[in-house]
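Right, one structure below, let's go through it.
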Amino acid sequence: MPQSLSGQRILLCVSGGIAAYKAIELVRRLRDAGADVQVAMTANAQRFVGSASLQAVSGHPVRDSLWDEAAEAAMGHIELARWADRVLVAPATADVLARLAHGMADDLPTTLCLATTAPLAVAPAMNNRMWEHPATQANLATLRARGVAVIGPDDGAQACGEFGPGRLREPEAIVAALQALVRGELPEPEPDFAGRRIVVSAGPTYEDIDPVRFLGNRSSGKMGFAIAAAAARRGAQVVLVAGPVHLPTPGRVQRVDVRSATQMHEAVMDALPADVYIGAAAVADYTPREVSPRKIKKTAGEGGSVSLDTLTLELVSTPDILAEVAVHPQRPEVVVGFAAETDDVERYARAKLLRKRLDLIAANRVGQAGCGFESDENTLTVISADAVHALGSAAKTDLADRLLDIVRGRLPA
C-alpha cells in the first residue's frame, strides 16, 4: 500500500457495533500506509474487540475511559486530542453519530472529537433501516455541514441478517479514503449522476430444456451488481435487471428478477426510456425451440429398455437486447455492452461495438483463474469508436466506478 499516510498521526475512535472487530485490520492497514495510530474505545466497543489486540497492532496503550486516573491526572484526553493530525471514528454507530452531531462529550471518544481541532472522519456502520432513518440522515447532514468526512457505508449482508446500506466499508477502502483526504480529495464520489436514469442488466440467463434441465453460463452477476451499486451511490435512479443470481440488492436500486433471455429482453425494454443502458449480463445466444413438459429420459422404448447415447436439441436465437436498445426509438444517450472473450479480446470487442452500434464496450478476458466470471476481480478494457481505456486489473467494485467515469464523460453536462 502506498505510504501516503507517512508521518500522519491518526487517532482511531472505535464505537460499539459488531463491525468493531474490523478495527484490528484497520489499524494494521493504517500502519502499513505509514501512519502512527493510537486507539480510543467506547465501553460498548470493548464487548466486541479486546483492547489488548488493538494495543498489539497499534504499538500504543489503548485508552478506554475518562476515568483513567493515571492518564487524566495530566488531562490525557486533551493531550491525545492535540496529538492527532486526523481523527477517524470507525465504526461510527447511529448513537455515536447522533452524539457527535449534538456536541455531546459523555465518553472518551466523543470528548476527544469535541476537544480536537484535527480533521474528523466517520465510517458509519449500522442496520440498514437505522442508516436510512431521517434522524440519522439529519445527523449526517449536520456533521457534513461542519466539514466532517463521511466514509461509506457499503451495501451488503449485515450481521442482523438483512441486506442494504449500512455495512462498514472494508479497512483497505477506509485507508484509501483517508489517503484521498490527505491529498485534498473527497472520500466519496460526487453525485454526478443525479437526475439520470440508468438501466443495468446483470447475471446469466437460464434457458429451460425440460422441468429439471436448462442451458446456462457461469456469470455470477457481480460486475453488473457493482455497477448498479456505484451508480446509485453517485445519485442515479437505477433499474437492475438481474438474471438468476444469489446476490443482495444494492441500496436504492430497483431490482427486476428474470430467468430467460426473453424475460430479460422484456424487462429491459419496459425499463426504457433511460439516459444510460449498461448490458453487463451474459445473455444466452440460443434457447431450445421447444421445452419438454416432462423430464427427458436417457432411455427409450418400452420400460426404458434402450439407452440413448446422443440427444439432439434444436436451438433458436434469442432476442439481441444490446442491438435492439441501440436502435430503440427511446435510445439511451449512452449504450454500453460487455464482451467476455478467451482470445483476441480487443479485436472481437471492437467488432461487436461496431456491429451492434454501441457507444462503449467493456472487454474482459475470461477463462483465467481469479479473473472474470465468478471472481471478485476483473480486468477491463473500455473501447469506443475513437479511444481505448485500459482500466487494468482491480476489484469489480473499483472497476465499476472507473467505467462510470467514462460513461459520465459522454453525457451532457
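Observations on the model:
- Estimated translational D of the stretch 215-339 in µm²/s (Stokes, Kirkwood radius over Cα pairs; 37 °C; 0.692 mPa s): 196 µm²/s
- In degrees, nearest ten, helix 222-233 long axis to first principal axis of the chain (Cα): 50 degrees
- Rel. contact order, % - alpha carbon contacts under 8 angstrom, at least six apart, the chain: 10 percent
- Fewest-first sequence of TRP131, TRP83 by Cβ atoms within 10 Å of each Cβ: TRP83, TRP131
- The ARG144 and THR312 beta-carbon pair, evaluated with R₀ = 56 Å, returns a calculated FRET efficiency of approximately 0.30.
- Sparse-neighbour loop sites [trypsin sites (Lys or Arg not before Pro); the stretch 168-265; at most 14 other C-beta within 10 Å; DSSP]: ARG183, ARG218
- Alpha-carbon centroid distance for the pair the stretch 91-153 / the stretch 199-213, whole angstrom: 44 Å
- MRE, 222 nm, helices only [DSSP H, n ≥ 4, -39500 (n - 2.57), over the chain, to nearest 500]: -9000 deg cm²/dmol
- Split the chain at each of the GluC sites (Glu not before Pro) in a DSSP loop with at most 11 other beta carbon atoms within 10 Å, and the longest piece is 1-184.
- Solvent-free Debye calculation, one equal scatterer per alpha-carbon of the stretch 1-62: log10 I(q)/I(0) at 0.17, 0.23, 0.24 Å⁻¹ equals -0.50, -0.85, -0.91.
- Label selected from (1) 24.8; (2) 22.6; (3) 23.9, the criterion being Kirkwood radius over Cα pairs in Å as computed here: (3)
- Principal-axis tilt of helix 396-409 within the chain, Cα atoms, nearest 10 degrees: 80 degrees
- Cα gyration tensor, the stretch 140-270 - rounded (a/c under 1.5), prolate or oblate: prolate
- Relative exposure of MET104, MET264, judged by other C-beta atoms within 10 Å (fewest first): MET104, MET264
- Coil-residue chymotrypsin sites (Phe, Trp or Tyr not before Pro) of the stretch 1-67, DSSP, other Cβ within 10 Å capped at 11: TRP67
- In terms of surrounding Cβ atoms within a 10 Å radius of their Cβ, SER317, SER65 rank from fewest to most as SER317, SER65.
- Axis of helix 345-355 versus longest Cα principal axis of the chain: the two differ by about 70°, to the nearest ten degrees.
Throughout, read-outs are computed from the coordinates displayed, never taken from laboratory work. Every value quoted in this text rests on a predicted model; they were computed, and no experiment measured them. Quick reminder, even Gly has a Cβ in these numbers, built from the backbone with ideal geometry, and neighbours come from all protein chains shown.
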